[in-house]
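The values are calculated or read from the model by the stated rules, or taken from the named source; none is laboratory data. Since this is a predicted model, take the numbers as computed values, not measurements. Methodologically, a virtual Cβ is constructed for each residue, glycine included, from the backbone with ideal geometry; neighbour enumeration extends over all protein chains shown. With ligands, DNA and RNA removed, areas are computed over all heavy atoms of the protein, side chains included. Shrake-Rupley method; radii C 1.70, N 1.55, O 1.52, S 1.80 Å.
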Amino acid sequence: MSIDMRGINPAPVTPFTPDGDIDIPAIHRLGSWLGSIDGVKSLVVLGHAGEGTFMSQEEKNLVVREFVASTGGRVPVVAGISLEGTGVAVEESKQAVESGAQAALVYPPHGWLRFGYQKGAPQDRYRAIYEEAGLECILFQYPDVTKATYDLETQLEIAAMPGVFAEKNGVRNMKRWDTEVPIIRAENPDLVMMTCHDEYLLHTVFDVDAFLVGYGNVAPELLVQLWKAGLAQDYPAARAIHDQLFPVTQAIYHRGSHMEGTVALKEALVTRGVLETASVRSPLQPLAAGAHDEIAAALAKANIGKADIPA
């Protein structure tokens, strides 16, 4: 059965030691804290924020296992599936299941970002992962500026497939969002629609069932409130939370690239006392001098203090 993701679904970063190893104690601090917050419904690991494409298969399996362990299995873990070929993606999915994952966030092959995809190829990818690995899938809609973005017809076909229970929509084109999301929802009323627009949450909050965002690493408490305001169609409340968060949004997501936001998330988690280091894995690089203080100041302005990490 599909898991209930109606709420906040953080995409946790993967903590590394300064030597570049996976920091298991830090995974347990991060996962146990996120999993303790009412309204957090799952942890979606090995995504872009989790640097999943920078790891070996053995490391990916370790990350899934340790995030599962971090909450004692109380909070479902979803694994990002990102290997290029359909066959190897199926094998990656099987190992995710063995490691404890309960669903898959299915990435398009990254070759599609430049060259596009053949009609029917995305559907084959989802079908194989569900039928051969037994892992239920989240449809991942990439930004409109890439050739891996799915047209409306493709989204509708994938959404109607057995084993597909949710869509993570990151189209980042508000014309397409306003046009396509109502149609997808009307034709698939049981599909869980999720926004991953970390920097456009106010625009998208009123149209979705859930958030699946890297932002959930650093401000899950306020994001739960924002999600509830959207669910109630309470614009003044949502606007107030958006405005409170906006300095943090700027410090993390208004950078030169969205990938820099991953590094900024780690700096914010250091400020909140969850991580000891903001170490990342190449090709990510540390932020420029002064960035940590800038991010810490933004969190203070938003009245976001130290995290209450379970003992």
Provide Rg and Dmax in Å for segment 95-167, with only Cα atoms included in the calculation. 12.1, 35
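Taking R0 as 30 Å, what FRET efficiency do you get between Glu132 and His110 from their Cβ-Cβ distance, rounded to the nearest 0.05? Spell out each step's value before the answer.
Working: r = 21 Å, r/R0 = 0.71.
For R0 = 30 Å, the calculated efficiency reads 0.90.
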Quick one: if you stick a label point 7 Å off each Cα along the C-beta vector at Asp207 and Asp21, how many nm between them? 4.6 nm
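For the chain, what is the charge dipole size about the Cα centre, in debye to the nearest 20, if Lys and Arg each add +1 at the Cβ and Asp and Glu each add -1 at the Cβ? Don't jump to the answer; show the numbers that get you there.
Values: 25 positive and 39 negative charges, 77 e Å.
In debye, rounded to 20, the chain gives about 380.
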Accessible area of the chain with a 1.4 Å probe: how many percent of it is carbon plus sulfur? 52 percent
Relative contact order for segment 159-306 using alpha-carbon pairs under 8 Å, separation at least 6, rounded to a whole percent? 17 percent
Solvent exposure of the chain as accessible area per residue, Å², 1.4 Å probe: 40 Å²
Under unit Cβ charges (Lys, Arg +1; Asp, Glu -1), what dipole magnitude, rounded to 20 debye, does segment 127-168 have relative to its Cα centre? 120 debye
Of Met5, Met174, ordered by accessible area with the largest first and a 1.4 Å probe, the sequence is Met174, Met5
Taking the C-alpha atoms of segment 98-240, how large are the radius of gyration and the largest Cα-Cα span, Dmax, in Å? 15.4, 47
Could you tell me the convex hull volume per residue, in Å³, taken over the Cα atoms of segment 36-121? 107 Å³
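Looking only at the chain, where both bridge partners belong to it, what percent of the DSSP beta bridges are antiparallel (to the nearest 5)? Could the numbers behind the result be given before it?
Numbers: 1 of 26 bridges.
Taking every DSSP beta bridge within the chain, about 5 percent pair in antiparallel fashion.
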Could you rank Lys94, Lys119, Lys228 by how accessible they are, 1.4 Å probe, largest area first? Lys119, Lys228, Lys94
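Let me have the 222 nm mean residue ellipticity of the chain computed from DSSP H runs of 4+ only, each contributing -39500 (n - 2.57), with the sum over all residues rounded to the nearest 500. Intermediate values should be presented prior to the final figure.
Values: 12 runs with 140 residues, N = 311.
The helix contribution divided over the chain gives -14000 deg cm²/dmol.
Distance check, please: which entries in Lys168/Lys306; Lys168/Lys228; Lys41/Lys175; Lys119/Lys168; Lys266/Lys301 exceed 22 angstrom between their Cα atoms?
Working: Lys168/Lys306 29 Å; Lys168/Lys228 18 Å; Lys41/Lys175 29 Å; Lys119/Lys168 20 Å; Lys266/Lys301 18 Å.
Over 22 Å apart, Cα to Cα: Lys168/Lys306; Lys41/Lys175.
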Inter-centroid distance (Cα atoms) of segment 233-288 relative to segment 207-227, Å: 13 Å
Along its three principal axes, how long is segment 160-295 when you only count alpha carbons? Whole Å, largest extent first please. 49, 35, 27
Using a 1.4 angstrom probe and counting only protein chains, how large is the accessible area of His203 in Å², to 10? 80 Å²
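Take each of the peptides 183-191, 80-88, average the number of other beta-carbon atoms within 10 Å over its residues, and list them starting from the highest.
Details: 183-191: 14.0, 80-88: 17.4.
Ranking the peptides 183-191, 80-88 by packing returns 80-88, 183-191.
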In whole angstrom, note down how far apart the Cα centers of segment 1-38 and segment 75-132 are. 21 Å
Sorted largest first, the C-alpha extents of segment 7-73 along its principal axes in whole angstrom are 33, 21, 19
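Could you order the peptides 64-74, 208-218, 159-169, 145-155 from most to least packed, using the average number of other C-beta atoms within 10 Å per residue? Present the calculation step by step, with values, prior to reporting the outcome.
Values: 64-74: 19.1, 208-218: 25.8, 159-169: 20.8, 145-155: 16.3.
In descending order of packing, they fall as 208-218, 159-169, 64-74, 145-155.
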For the chain, compute the orientation-averaged projected area of the C-alpha convex hull (one quarter of its surface), in nm². 14.5 nm²
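What is the diffusion coefficient of segment 159-219 in µm²/s, taking the Kirkwood radius over Cα pairs and the Stokes-Einstein relation at 25 °C with a viscosity of 0.890 mPa s? The partial results should precede the final answer.
Values: Rh = 12.0 Å.
For these conditions, the coefficient is 205 µm²/s.
Would you mind giving the average projected area, over all directions, of the Cα convex hull of segment 131-188 in nm² with one decimal? Mind dumping the intermediate values first?
Numbers: hull surface 16.0 nm².
Hull-based average projected area comes out at 4.0 nm².
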Using a 1.4 Å probe on heavy atoms of the protein chains only, the accessible area for Asp144 in Å², nearest 10, reads 60 Å²
Phi to ³J(HN,Hα) by Karplus 6.51 cos²θ - 1.76 cosθ + 1.60 over segment 109-120, Hz, x for Gly, Pro: x, 5, x, 5, 4, 9, 9, x, 10, 7, 4, x
Within segment 8-43, list the residues whose amide N lies under 16 Å from a label point set 7 Å along Cα→Cβ of Ala311. 33
